[in-house]
Amino acid sequence: MDSKTISNGILKALAVIIGVTIGLWFIYKIQSVLVYIAIAGVISLLGRPIVKVLRERFKFPNLVAVIITMILFFATILGIVSLFIPLVIEQGKNLSLLDINALQRNVESLYIEGINHFGLNSEEVQASFKDSTLMSKLNFSAIPEFLNSIISGLGSFGIGLFSVLFISFFFLKDSDMFGNSVITLFPKSKEARLRKSLSQIRNLLSRYFGGLLLQLIILFTIYSIVLLIFGIDNAIVIASLCALLNVIPYVGPIISAFLIVLLTMSSNLGEDFSTVILPKTIYVMIGFIIAQLVDNFFSQPFIFSQSVKSHPLEIFIVIVIAGLLSGVVGLIVAIPVYTAIKVVAKEFLSEYRIVKKLTRGL
């Protein structure tokens, strides 16, 4: 091997490294666009059955069916936004005028009432509470700042919403556009198998996201009923937020439990702890547990068995690995990505025994 060959090899390796680096930098810079495309892809998967029904059963032209579907999605998003935004603005105004020291004293009072109720109100406990300066370390003034940042971010949200709806429209109108773009990256000989894989991925993910939407609706309904029964302020908003958090597997329900307890107790500040706050919080938590039992023993098995065709233990392992690698984002995208990988593996790597075992239900 002469020096010219070596130098050419080094130059090629450097060119590859530089190209990969530039590519990763470019992806990092356009990550918001990629997020818009991913969300639009989910919306198009959810809207695909609606377009199909309008086109085949009601004989609408494809363009009209897509427009009606997008109007339905826009109305749904507008309804959700109209539910949350006035509350955020109102609370932002209230908290901007709020005596933060009074809020801190109320939380401290709630804490002291709690330890008194459970027979822990010894002088040592109260002294340790005062000496610990726990509440002084909590920055309560960050609450209005956080809400104000949400309000100021509504402009960016509007741009993102328009981008997502615009992309979703063309994904629904030209349903094969994304698939054709992917296929052009591969040899002609692989086209038939790629089309088969993309079609199956689209069908499975449509069922998965449809099932996920059903799961959120069931949780929202149960949460709303429980919170309304016990007269919790802003019950619909709290129920919506806690239901949406269940999109994050395993971690989401824990955050929801903490949030629903905190908001239930804080909505009754000033009431007697033993006769009002504690009983009401316990009843709400019982309702929350019932909702989670329904979700764990009905909703999730239905989604996994009917949509992604994966065993719950298999899904659990995949979610844990994805969470360790990519955090919350990994938890959310783990199941759709794993499903797509399984479909492609079955089509192109079916000669391997492990692939046959993992994909036998597809």
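The values are calculated or read from the model by the stated rules, or taken from the named source; none is laboratory data. Computed from a predicted model, the values in this text were never measured in an experiment. Note that each Cβ is placed from the backbone with ideal geometry, even for glycine, and that neighbours are counted across all protein chains shown. Calculation scope for accessible area: heavy atoms of the full protein, side chains included, ligands and nucleic acids excluded. Shrake-Rupley method; radii C 1.70, N 1.55, O 1.52, S 1.80 Å.
General remarks:
- Portion, in percent, of the accessible area of segment 200-361 that falls on carbon or sulfur, probe 1.4 Å: 74
- The heavy atoms of residue 208 present about 20 square angstrom of accessible area, all protein chains included, probe 1.4 Å.
- Once you divide the Cα radius of gyration of segment 200-361 by 2.2 N^0.38 Å, the number left is 1.25.
- Probe 1.4 Å, protein heavy atoms only - accessible area per residue of segment 200-361 in square angstrom: 52
- Each label point was placed 7 Å from the Cα along the Cα-to-Cβ direction; for residue 233 and residue 58 their separation is 4.2 nm.
- With Cα atoms as the point set, segment 169-293 shows a radius of gyration and Dmax of 22.0, 74 Å.
- Taking each residue as 0.36 nm, the span from residue 12 to residue 354 lengthens on full extension beyond its C-alpha to C-alpha distance by 119.5 nm.
- Per-residue ³J(HN,Hα) for segment 183-189, Karplus 6.51 cos²θ - 1.76 cosθ + 1.60, θ = phi - 60°, Hz, x for Gly and Pro: 4, 5, 7, 10, x, 4, 5
- Pairs with C-alpha atoms separated by more than 27 Å, drawn from the list 59/188; 59/309; 188/309; 196/357; 196/356; 12/342, are 59/188; 59/309; 188/309; 12/342.
- Förster-model FRET efficiency, 25 Å R0, residue 337 and residue 189, C-beta, rounded to 0.05: 0.45
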